[in-house]
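Below is one structure, written out as structure tokens; comments come after it.
Rule-based calculations on the coordinates, nothing more; no lab input. All values reported here derive from a predicted model rather than from experimental measurement. Ideal geometry is used to build each Cβ from the backbone, glycine not excepted, and the neighbour counts take in all protein chains shown.
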Amino acid sequence: MLSMLMKAVQVAAPGGPEVLEWKNVPLPAAGKGRGQVLVKINAAGVNPLDTYLRSGSYTTNLAYPYTPGIDGAGIVEQTGKRVYLSGSISGTYAEYALCREDQIHPLPDHLSFAQGAGIHVPYATAYRALFQKARAKAGETVLVHGASGGVGLACVQLARAHGMQVWGTAGTQGGIELVAKCGAHRTFNHSSQEDKKKLATAAQEGVHLILEMLANLNLNWDLELLSKNGRIVVIGSRGKTEIDPRFTMSKECSVMGMTILSAEPKDLAEIEAGLQAGFANRTLTPIINCELPLRNAAQAHQLILAPGACGKIVLIP
Ligand code: NAP
């Protein structure tokens, strides 16, 4: 018999990490809606989006108070099945999350719950950017600009498994080593002027596709690095920037934005099928940087925005 209360993180109003409160809240009522399941959360994934939503910098119609968190993994109360989540009705920074049936997916036995909490947003975003937006092809060269974080490492693994020539950047030596270990053929430090010169020289051999995690800093430079007829997918940006549009003319290139939040159910079904195949043949392996207690969500929100990414930060209830 489940207690009627559970521990969860709640946000009562937008603000800094301190608005993430550790509280007793009512257990979500499963079964009120058809096709709903209650999942005992064993790990919740932390994404930069969680911080934008918390601070109010991302426009949505959130009803306060709310429990944050899109990603998570755990066990379905009714069936005992191991699952990872692609969102939930009630929020994943909690001991339990109420989910629609289409938000739960089988978690392969060889992946931990922490790894499961690092799947949906990073891997679905990477898959959509590479294949549904850029139409990436085997043999092409892709630069993953910001490869050491959750999305970047997923891009590296997916592109490598697809037969691409993969280049990745990170801002620390540890990040660079991890990007190489995950399959990048060449790595560059995006904080080093010397490495930037090396990247510019290497790019003369041709860069067909750039997956950009920080477009407000890099978009104009990406346009310089890109080959004729190349494509840039803007995955992340934290502000405005100035570009020289002439690059788009001389290179006849495409710059496209994407958000995983716009993926239709049919897109998500395709993504899920592609990811499950990659987990089964072990070309895709979520990388966990650190596990923190769920009550330390505020610390996780500071860490996720700090330099020095090396995979996912997950919260353990
Ligand atoms: P993350 O785990 O915090 O990783 C951030 C990445 O950005 C790290 O690889 C970091 O490298 C890199 N970075 C820092 N400075 C950079 C620079 N000057 N140039 C290039 N890269 C730089 O975050 P994430 O989950 O991978 O997400 C990455 C970005 O995509 C975020 O802005 C996020 O909001 C966005 N995103 C968008 C979608 C979408 O649907 N469009 C979905 C998920 C995420 P170092 O730490 O090694 O310097």
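Of all residues in region 54-76, those satisfying the criterion of being small (Gly, Ala, Ser) and in contact with a strand residue (DSSP E or B) (Cβ under 9 Å, 6 or more places away or on another chain) are 69, 72, 73, 74. The set of residues in region 244-272 being under 26 Å from the mean Cα position of the chain (by Cα) and farther than 30 Å from residue 102 by Cα consists of 253, 254, 255.
Number of residues in region 187-213 that are buried (at least 16 other Cβ atoms within 10 Å of the Cβ) and under 22 Å from the mean Cα position of the chain (by Cα): the value is 9. Screening the candidates 282, 295 for the property of being more than 12 Å from the ligand (Cβ to nearest atom) and within 17 Å of residue 69 (Cα to Cα) yields one hit, 295. When region 106-127 is examined, which residues are found to be within 15 Å of the ligand (Cβ to nearest atom) and hydrophobic (A, V, I, L, M, F, W, C)? Matches in region 106-127: 114, 117, 119, 121, 124, 126. The set of residues from region 155-175 being within 8 Å of the ligand (Cβ to nearest atom) and either in contact (Cβ under 8 Å) with a residue 60 or more places away in the chain or out of contact with any His (no Cβ under 7 Å at 6 or more places or on another chain) (or both) comprises 170, 171, 172, 175. Being at positive phi and surrounded by fewer than 17 Cβ atoms within 10 Å (Cβ to Cβ) is a description that does not apply to residue 183. Within the span defined as region 283-293, every residue fails to be part of a strand (DSSP E or B), in contact (Cβ under 8 Å) with a residue 60 or more places away in the chain, among the acidic types (Asp, Glu) and under 20 Å from residue 183 (Cβ atoms).
Given the structure, is residue 136 more than 10 Å from the ligand (Cβ to nearest atom), of a type in the set (A, V, I, L, M, F, W, C) and touching a residue at least 60 places away in the same chain (Cβ under 8 Å)?
Values: more than 10 Å from the ligand (Cβ to nearest atom): yes; of a type in the set (A, V, I, L, M, F, W, C): yes; touching a residue at least 60 places away in the same chain (Cβ under 8 Å): yes.
Answer is yes for this residue.
Once region 228-277 is narrowed to residues that are on the phi < 0 side of the Ramachandran plot, in a loop (DSSP other than H, G, I, E, B) and charged (D, E, K, R), the residue that is nearest to the ligand (Cβ to nearest atom) is 238.
For region 271-300, the candidate set comprises residues that are touching a Lys or Arg at 6+ places or on another chain (Cβ under 9 Å) and more than 30 Å from residue 19 (Cβ to Cβ); within that set, the residue that is surrounded by the most Cβ atoms within 10 Å (Cβ to Cβ) is 271.
Out of all the residues in region 301-314, is one or more under 30 Å from residue 22 (Cβ atoms), assigned to a strand (DSSP E or B) and either touching an Asp or Glu at 6+ places or on another chain (Cβ under 6 Å) or without any contact (Cβ under 8 Å) to a residue 12 or more places away in the chain (or both)? Yes, because at least one residue in region 301-314 is under 30 Å from residue 22 (Cβ atoms), assigned to a strand (DSSP E or B) and either touching an Asp or Glu at 6+ places or on another chain (Cβ under 6 Å) or without any contact (Cβ under 8 Å) to a residue 12 or more places away in the chain (or both).
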